[in-house]
Amino acid sequence: APRAALGLARGLILTGGKDEIYAARRAYEQFLEDYPSTYLTFNAICEYALSYLIAYKGEDYDIGSLQLANAIIDQAEIETRGDKERSDTVQAYRKRIRAWLQDRDLSVARWYRARGTPWLLRWLKKPPELLAWDDGARYYFREVVKRDATSPQARAAERELSDIPQTRPDTLGAATR
């Protein structure tokens with residue numbers, strides 16, 4: 001029965017349609033509810049995470065898919081039970097998710113940075129919590145560096161962050177420096 005349930009979920013995910021992806025997620029959830037401790041649990045958890053990763057459309061879109069996949073992989077790590085091959089699989093998922101998070105945060109930082117262009121300011125309203133568009137850019141550039149300082153995205157973020165003029169404490173406050 002566990003193999004059949006997992007086969008159903010796999011069949012749905014392989015069709016690749018939007019509705020089938022949602023149905024596959026539900027089938028993986030059902031599998032994990034019905035068979036939480038079978039030898040197939042690790043595979044089911046990883047494939048469940050994959051169902052979110054294949055729905056991710058790039059750094060200009062929804063971050064929720066990455067965050068959910070990351071949380072699911074946390075559960076898969078528990079199921080490795082010291083197995084090296086399974087640990088390697090979890091690390092491969094983490095590496096891909098981290099790289100995509102880096103790409104997304106770098107893209108968001110650049111978006112905020114571009115908003116400071118004078119002709120854009122005429123029609124684009126700044127969120128009230130930002131004192132300057134560069135504050136948003138600074139935040140996301142720093143997040144890229146904080147997540148993985150050795151990545152190519154972090155090196156790019158550090159370069160671009162150094163190009164942003166420092167804020168003046170008399171106008172923006174110490175919190176944005």
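The values are calculated or read from the model by the stated rules, or taken from the named source; none is laboratory data. None of the values given here were measured: they were computed from a predicted structure. Methodologically, a virtual Cβ is constructed for each residue, glycine included, from the backbone with ideal geometry; neighbour enumeration extends over all protein chains shown. Ligands, DNA and RNA are excluded from the accessible area calculation, which covers all protein heavy atoms including side chains. Shrake-Rupley method; radii C 1.70, N 1.55, O 1.52, S 1.80 Å.
Checking every residue in region 64-84 against the condition of being open to solvent by 50 Å² or more (accessible area, probe 1.4 Å), touching a Lys or Arg at 6+ places or on another chain (Cβ under 6 Å) and farther than 19 Å from Arg3 by Cβ gives zero matches.
Identify, from the list Leu66, Leu50, Leu106, the residue that is in contact with a Leu (Cβ under 7 Å, 6 or more places away or on another chain), in contact (Cβ under 8 Å) with a residue 24 or more places away in the chain and among the aliphatic types (A, V, I, L, M).
Working: Leu50 fails: in contact with a Leu (Cβ under 7 Å, 6 or more places away or on another chain); Leu106 fails: in contact with a Leu (Cβ under 7 Å, 6 or more places away or on another chain).
The unique qualifying residue is Leu66.
Of the helices (runs of 4 or more DSSP H) that lie entirely inside region 83-177, those containing 2 or more residues that are modelled with pLDDT of 90 or more span 84-115, 133-147, 152-163. A search for C-beta distances below 6 Å between a residue of region 13-31 that is β-branched (Val, Ile, Thr) and any residue that is surrounded by fewer than 20 Cβ atoms within 10 Å (Cβ to Cβ), counting only pairs 6+ apart in sequence or on different chains, returns Ile21/Ala55.
Which members of region 14-35 meet the condition of being among the polar types (S, T, N, Q) and not in a helix (DSSP H, G or I)? Working first, answer last.
Filtering region 14-35 for residues among the polar types (S, T, N, Q) gives 15, 30.
Answer for region 14-35, where residues must be among the polar types (S, T, N, Q) and not in a helix (DSSP H, G or I): there is none.
Determine whether region 26-33 contains at least one residue that is open to solvent by less than 60 Å² (accessible area, probe 1.4 Å) and aromatic (Phe, Trp, Tyr). Yes. The numbered conditions (1) in a loop (DSSP other than H, G, I, E, B); (2) aliphatic (A, V, I, L, M); (3) free of Cβ contacts under 8 Å to residues at least 24 places away in the same chain are all true for Ala4 except (1).
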